[in-house]
1. In Å², what does the accessible area per residue of region 63-205 work out to with a 1.4 Å probe?
2. Using a 1.4 angstrom probe on heavy atoms only, work out the carbon and sulfur share of the accessible area of region 33-128 in %.
3. When the Cα centres of region 277-292 and region 123-147 are compared, how far apart do they sit, in Å?
4. What order, most packed first, do the peptides 97-107, 60-70 have when packing is the mean number of other Cβ atoms within 10 Å of each residue?
5. Provide the gained length on full extension for the span Glu225 to Ser129, in nm with one decimal, where the gain is 0.36 nm per separating residue minus the Cα-Cα distance.
6. Taking every eigenvalue of the Cα gyration tensor of region 64-221, multiplying by 5 and rooting it, what semi-axes result, largest first, whole Å?
7. From Cα coordinates alone, what are the radius of gyration and Dmax values for region 137-206 in angstrom?
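The values are calculated or read from the model by the stated rules, or taken from the named source; none is laboratory data. Predicted, not measured: the structure shown is a model, and the values here were computed from it. Here the Cβ is made from the backbone with ideal geometry for all residues, glycine too, and neighbour counts use every protein chain on show. Surface areas here come from the heavy atoms of the whole protein model, side chains and all, with no ligands, DNA or RNA. Shrake-Rupley method; radii C 1.70, N 1.55, O 1.52, S 1.80 Å.
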Amino acid sequence: QGRKDAGRKTLRPGGGIPSPVAAVCSLVVLLTLASRAAAGTGSILVAGSVNADTFLPVGRFPSPGENLTLLPGRRPREDVPGGKGCNQAVAASRLSGDDVRTAFLGRFGDDPAGTALERALVEAGVDTSPSRRCAGVPSGRGYVLVLPDGEVCAVVSGGSNADGWSDLEDMSDGDLDGLVSSHSLLMLQCEVPADVNLRLARAARRTGVPVLLDAGGEDRDMDRELLECCSFVIPNETELGRLARRMGGAEDREDGVEVDGGLVDAVLDDAGPHLDRETVVSTLSSARALQRAGASNVLVTLGPRGSL
């Protein structure tokens, strides 16, 4: 968290609102790596975004054209390390312990925030050697409105996350294969350019490295080939519905994708009061639509209600 230490502002990883997606992804990471642990090959490569985030506590989200002030007596929390890539790398490093190495492939801005963000990742035990500093490009920034119950919405300025990948775009397939194949697992999100994700995912497929894709981030179309390269695609409910519609899936059809009633009953029995039948049917139907579009496995995060 951003704080003053002896008059100097420092960055600490893991501050702000906990990321349920990061935690879920990290759990899947550990399960995926379990079969490789005996061979001593555990290594996670997280490729993605890193931001300096500012958290703004408000009583409600603004309506169009409206200005709001912060909650009385509250101050913004500035320059908190964030971005989906950073969050996942820190969570994976903390949860996996000393037996599994976590590396981060990202682009740091050419400013004091970039230096502090890299330092925060290193202090969390993350190997940043695959990353680069982008000359003349500012760090990514996130501006997050936080309600008292923890609900958030944000605006993100991509900075180096969006404009710092020209060197990777110029790399040969062989060089990318070498970069990815030295790891046991590749984790991606949608806060870096889509072609960067696709090239890395292709390299992972060529070299037999499992891929986890967090579908959150920029609201954009999903390449079907990217879906086909992924071992797990991980959207939340909103992202799942959007992807299903754009892929011509369940939510574009009156009857949707058929879901086995016995499966729905089993999920409801296991979930207890946290999920209702309509949510389960809609979620499973849309997830099946993604599988028909090329995804192998779909893990849908449902906030405090868990995941399917």
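1. Details: 6610 Å² over 143 residues.
With all protein chains present, region 63-205 gives 46 Å² per residue.
2. Numbers: 2140 of 4340 Å².
Taking all protein chains in place, region 33-128 shows 49 percent carbon and sulfur surface.
3. Between the Cα centre of region 277-292 and that of region 123-147, the gap is 34 Å.
4. Working: 97-107: 20.5, 60-70: 9.0.
Highest-to-lowest ranking by the protection proxy: 97-107, 60-70.
5. Values: separation 96, 0.36 × 96 = 34.56 nm, distance 2.84 nm.
Roughly 31.7 nm would be gained on extension.
6. Details: eigenvalues 174, 63, 52 Å².
After scaling each eigenvalue by five and taking roots: 29, 18, 16 Å.
7. Every Cα atom of region 137-206 included, Rg and Dmax give 15.6, 49 Å.
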